[in-house]
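The values are calculated or read from the model by the stated rules, or taken from the named source; none is laboratory data. Here the structure is a predicted model, which is why all the values come from computation and not from measurement. Cβ placement follows ideal geometry from the backbone for every residue including glycine, while neighbour counts extend to all protein chains displayed.
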Amino acid sequence: MEFIGWEVLIRKDAILLFQFCKKLGYKKISIETNGTKLADFSFFESILQAGVTNLVMSIHGSSPEINDMHTWLKKSFQMKQEALENASILSEKYEFEMFTNYVVTLKNIEDVPRFIGYIQKYTYLKNYIFAFCRPLPLYEETYGEYLVPFSLLKKVFDSLPLDKKIRIQYLPYCVLDPEKNEVFQEGFFKWKKQSTTRIDWDGKIRSLENAIQDHTLYFHECESCKYKNSCRWVWAEYADFFKMKAPPLLESIQ
Ligand code: SF4
């Protein structure tokens, strides 16, 4: 059972929900959180007792300046740090898996190596997820401020001294070597099988298939790519903004 999107921990019935899932027999109960509620040790412990087994906590920088600039919340970094310290103590008593999630933007890409240095001391963390900042048409005027060119992303990530694979999502496979990095995403053909509709970024109701089709670009080079069925390709808005004429760094996967 996964609680993703928005912030489940601010719900008054969050504990009851987790207890109910546990009672129903779910062995794995996952949450995504901004971590602020986890700064409270006894609350953190109570969600573990209620059945939460997996946590993904967002943190977007190695310092208050960089993280809080992205969260628009003062003391957000401090609370996340307290959450990490609490998790460190609780990991000795409870079994749970925890990941961090760092959305990579133009404002924090240079901080990634420092972040890796900072986060490695929390040895109980299973991995550090990085999510590539996607172009949402609603925020078109901020593309220049936030979108990271693939070449810069590759330069920074290829230089990281790591003993484990980086998990990164929302990225076409040809940007970072998928043999060295754990690029994870659900390809277009998987989404195509789902008939779900949703309210899209522009307020229109679209099926997932149409939403992805409208916002992604399938270059003719993708046709012969071994990842074409699992890749989500390049976002149309991204390709448009950076005036891309071909998939990024295609040679890295040939
Ligand atoms: S060439 Fe196309 S299908 Fe292949 S990894 Fe790149 S974007 Fe994805």
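Observations
- Within the stretch 140-175, tally of residues that are more than 16 Å from the chain's Cα centre (by Cα) and either at pLDDT 85 or above or closer than 17 Å to residue 108 by Cα (or both): 18
- Selection count where residues are touching a residue at least 24 places away in the same chain (Cβ under 8 Å) and out of contact with any helix residue (DSSP H, G or I) (no Cβ under 8 Å at 6 or more places or on another chain), scope the stretch 17-31: 5
- Residue that is nearest to the ligand (Cβ to nearest atom) [pool: residues in the stretch 228-241 that are buried (at least 17 other Cβ atoms within 10 Å of the Cβ) and among the aromatic types (Phe, Trp, Tyr)]: 233
- When restricted to residues that are in a loop (DSSP other than H, G, I, E, B) and farther than 30 Å from residue 111 by Cα, the stretch 46-65 contains 2.
- Taking (1) surrounded by 18 or more Cβ atoms within 10 Å (Cβ to Cβ); (2) out of contact with any Ser or Thr (no Cβ under 8 Å at 6 or more places or on another chain); (3) at pLDDT below 95 in turn, residue 74 satisfies each apart from (1).
- Scanning the stretch 1-45 for residues that are among the basic types (Lys, Arg) and assigned to a helix (DSSP H, G or I) yields a total of 3.
- Listed by first and then second residue, the pairs with beta-carbon distance under 8 Å, at least 6 apart or on different chains, first residue in the stretch 86-99 and farther than 17 Å from residue 39 by Cβ, second aromatic (Phe, Trp, Tyr) and assigned to a strand (DSSP E or B), are 99/128.
The rows are residues; the columns are (1) among the polar types (S, T, N, Q); (2) touching a Ser or Thr at 6+ places or on another chain (Cβ under 6 Å).
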residue: 104; (1), (2): no, no
residue: 114; (1), (2): no, yes
residue: 132; (1), (2): no, no
residue: 139; (1), (2): no, no
residue: 143; (1), (2): no, no
residue: 159; (1), (2): yes, no
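- Within the set 121, 37, 107, the sole residue that is at pLDDT 95 or above, closer than 21 Å to residue 166 by Cα and among the basic types (Lys, Arg) turns out to be 107.
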